[in-house]
Amino acid sequence: MLPGLKKLLRRLVSPAGEAPPAQIADSRYPDWNALFGPDRERFAALAAQARGGPRILVASSLGGHTAVAALDMLLMAALTVRGAEAHALLCDGCLPACEQLTLASMDDPEGFAAKGIPSRRCRACHEQAEAAYRALGLPVHRYSDFLTEKDRSEAAGLAASIPMADIAGLIRDNARLGEHALAGALRFFARGTLEAEPLAEPVLRHYLHAALLTAAVTLSCLRQHGFRRASFHHGIYIPQGVVGEVCRAEGVDVVNWQVAYRKKCFIFSHGDTYHHTMMAEDTAAWDRLDWTPALEARTMDYLDSRRRGSNDWIYFHENPSENFATIAADLGLDPARPMVGLLTNVIWDAQLHYPANAFANMAEWLVATIRHFAGRPELQLVIRVHPAEVNGAIKSRQLACDEIARAFPELPPNVKLIGPDKHVSTYAVMERCDAVIIYGTKTGVELTSLGIPVIVAGEAWIRNKGITLDANSREEYEALLRRLPLGRRLDPAIVERARRYAFHFFFRRMIPVASIHPGQGKAHYAVRIAGLDDLLPGRDPGLDVIVDGILHGRPFIYPAEHIEN
């Protein structure tokens with residue numbers, strides 16, 4: 001433990017108490033003393049006035065996720081100056097597994113499988129985080145404050161005894177605990193299935209055990225403190241997915257958020273993770289926009305920048321090859337035959353249940369699609385494997401190329417494969433295709449804006465917008481494939497609709513926060529304010545949209561059509 005930290009934590013004994021201002025040793029967390037400066041006492045006075053206001057649970061849970069901590073603490077401060085009573089909830093090392101873990105990050109995976117998270121790892125995550133949150137001067141609760149011995153015993157017993165085949169479907173008190181336990185285990189292994197993983201069963205049981213404990217914590221916390229609103233990151237995996245399940249079962253309003261592609265932007269959603277809500281969003285939120293040449297130019301300029309990632313803080317290739325002639329020659333493409341593109345996702349990512357899927361998983365979709373094109377020699381299928389498989393934050397251990405090779409030791413001659421490590425522009429290839437088939441990639445938003453027809457087989461956000469050809473069953477999917485080649489671009493009216501949605505998606509749903517900046521060194525991003533006034537209403541339109549959404553249930557839609565960023 002860092003020098004002086006034990007002493008500091010001993011002073012902060014009350015889970016819901018207010019901390020004296022403290023110096024945080026880990027520079028990845030916001031230093032609220034420095035950020036508030038002479039406004040420190042003024043903020044404390046506002047926090048005192050906010051007691052009794054709308055009570056909001058900011059269920060950060062994973063305090064060691066410093067990127068989450070930075071935004072969550074900023075939101076707590078902004079809620080406070082608007083009269084809300086914001087509380088934090090942090091895990092303090094009582095879970096045997098969580099989202100912070102991956103197989104690649106484990107020194108001793110066998111030891112983890114046997115005993116759960118090493119206590120030293122939990123301490124490193126929790127202790128600095130709790131000190132940072134308490135330095136803000138607002139109430140902080142620990143997971144262990146809400147766990148009884150009965151809770152611990154029952155969770156351990158069920159996690160150990162339930163048949164492994166029944167874990168994924170486990171529902172308790174209307175909360176789908178098993179689904180999030182499975183998603184957590186898949187993320188840990190960076191795979192889409194647990195087959196052939198020798199440690200699969202003990203790891204999955206740890207995640208189920210953690211899900212059961214999280215459910216007990218969340219239920220007790222909500223009931224003891226009377227929270228009616230909760231805000232927290234992502235909304236899937238362990239523990240956040242379970243926090244959401246229990247909140248919804250208890251009638252507590254849920255807000256989930258995730259880092260967006262555009263720099264300094266975040267996506268917020270009401271009720272559930274954005275993986276679900278973006279597909280079900282009412283088209284009236286965007287299709288009545290007063291569409292102008294200025295908005296169209298702004299949209300297309302940004303989409304062009306996506307090829308290089310120049311306006312994004314999430315991108316996977318820098319300056320990829322745009323030379324289609326070279327790419328085509330390398331692949332052995334026949335210019336006389338129509339091309340159909342196919343874009344994959346990362347197989348393990350966000351493995352949740354979607355009711356309208358035509359396929360059980362992406363690997364099944366890949367195999368079925370290749371098999372279809374094997375019987376269509378008049379067409380060429382060009383598969384682009386997602387670059388994040390090899391250069392994302394978590395490198396996949398189940399690769400699309402391996403799944404394809406397992407089913408097709410030798411690819412049909414009219415099927416061409418661009419691996420995830422190839423420094424090739426996806427856009428340069430897909431623009432030459434008659435149509436593009438996707439499972440869940442966000443690239444469908446961009447391609448339709450360029451007039452390229454897109455067939456959706458999975459849970460892509462572009463689904464259900466009146467823009468794409470959406471398959472809701474295996475039969476529908478095969479019927480759509482039989483229509484290829486389409487031989488034409490999208491109608492102008494559909495292209496305009498696609499661009500309206502692209503503007504809504506990238507500029508209105510991705511909300512800029514002026515006080516968040518890319519971080520230095522290991523920090524994902526940093527809070528930068530000149531003082532407390534920067535958090536007041538009217539100073540930052542994006543922060544106002546977010547906080548109004550949390551407090552009053554208003555849509556998380558940034559009025560970008562009226563604001564030039």
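Quick notes on this one:
- Residues within region 212-249 that are among the hydroxyl-bearing types (Ser, Thr, Tyr) and over 23 Å from residue 153 (Cα atoms), tallied: 1
- Residue among 177, 194 that alone is at pLDDT below 95, out of contact with any Asp or Glu (no Cβ under 6 Å at 6 or more places or on another chain) and at negative phi: 194
- Any hit, region 258-266, residues being assigned by TED's automatic domain parsing to the domain that holds residue 101, at pLDDT below 95, in a helix (DSSP H, G or I) and among the aromatic types (Phe, Trp, Tyr): no
- Residues that are part of a helix (DSSP H, G or I) and not aromatic (Phe, Trp, Tyr) within region 267-279 comprise 275, 276, 277, 278, 279, listed in sequence order.
- Of all residues assigned to region 372-383, none qualifies as being outside the structural domain of residue 192 (by TED's automatic domain parsing), under 25 Å from the mean Cα position of the chain (by Cα) and part of a helix (DSSP H, G or I).
- Taken over region 345-371, the criterion of being buried (at least 17 other Cβ atoms within 10 Å of the Cβ), part of a loop (DSSP other than H, G, I, E, B) and either modelled with pLDDT of 90 or more or under 17 Å from the mean Cα position of the chain (by Cα) (or both) is satisfied by 345, 346, 347, 348, 349, 350, 351, 352.
- Counted residues, region 64-107 - those being more than 26 Å from residue 549 (Cα to Cα) and of a type in the set (Ser, Thr, Tyr): 2
- Any hit, region 66-73, residues being in contact with an Asp or Glu (Cβ under 9 Å, 6 or more places away or on another chain) and not acidic (Asp, Glu): yes
- Selected residue (criterion: surrounded by the fewest Cβ atoms within 10 Å (Cβ to Cβ)) from residues of region 285-332 that are among the hydrophobic types (A, V, I, L, M, F, W, C), in a loop (DSSP other than H, G, I, E, B) and at pLDDT 95 or above: 291
- Residue selection: residue 148 fails the criterion of being surrounded by fewer than 19 Cβ atoms within 10 Å (Cβ to Cβ), under 18 Å from residue 349 (Cα atoms) and assigned by TED's automatic domain parsing to the domain that holds residue 103.
- Residues in region 135-149 that are of a type in the set (A, V, I, L, M) and farther than 16 Å from residue 217 by Cα: 135, 136, 138.
- Residue 342 meets the stated requirement of being assigned to a strand (DSSP E or B), closer than 28 Å to residue 277 by Cα and not aromatic (Phe, Trp, Tyr).
- Hits in region 76-97 - residues which are buried (at least 23 other Cβ atoms within 10 Å of the Cβ) and either of a type in the set (Ser, Thr, Tyr) or farther than 30 Å from residue 185 by Cα (or both): 76, 77, 78, 79, 80, 86
- For residue 237: the one exception among (1) of a type in the set (Phe, Trp, Tyr); (2) at negative phi; (3) under 17 Å from the mean Cα position of the chain (by Cα): (2)
- Selection within region 440-455 - touching a strand residue (DSSP E or B) at 6+ places or on another chain (Cβ under 6 Å), at pLDDT 95 or above and either not assigned by TED's automatic domain parsing to the domain that holds residue 363 or not in a loop (DSSP other than H, G, I, E, B) (or both): 447, 448, 454, 455
- Tally, over region 282-307, of residues that are touching a residue at least 40 places away in the same chain (Cβ under 8 Å) and either aliphatic (A, V, I, L, M) or more than 26 Å from residue 427 (Cα to Cα) (or both): 7
Residue by residue, here is whether (1) among the aromatic types (Phe, Trp, Tyr); (2) in contact with a Gly (Cβ under 6 Å, 6 or more places away or on another chain); (3) surrounded by 18 or more Cβ atoms within 10 Å (Cβ to Cβ) holds:
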site	(1), (2), (3)
481	no, no, yes
486	no, no, no
500	no, no, yes
507	yes, no, yes
526	no, yes, yes
539	no, no, no
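- Qualifying residue in region 419-431 (condition: crowded, with 17+ Cβ neighbours inside 10 Å, among the small types (Gly, Ala, Ser), under 17 Å from residue 452 (Cβ atoms) and touching a residue at least 60 places away in the same chain (Cβ under 8 Å)): yes
- Filtered by the rule that a residue be more than 16 Å from residue 369 (Cβ to Cβ) and either under 25 Å from the mean Cα position of the chain (by Cα) or of a type in the set (A, V, I, L, M, F, W, C) (or both), region 403-421 gives 419, 420, 421.
- Contact map, region 106-121: residues that are in the same structural domain as residue 205 (by TED's automatic domain parsing) paired with residues that are of a type in the set (D, E, K, R) and exposed (fewer than 15 other Cβ atoms within 10 Å of the Cβ), Cβ distance under 8 Å, separation 6+ or inter-chain. Pairs shown: 118/108.
The values are calculated or read from the model by the stated rules, or taken from the named source; none is laboratory data. Everything numeric here is computed off the predicted structure, so don't read it as measured data. Cβ coordinates were reconstructed from backbone atoms using ideal geometry, including for glycine residues, and neighbour counts include every protein chain displayed.
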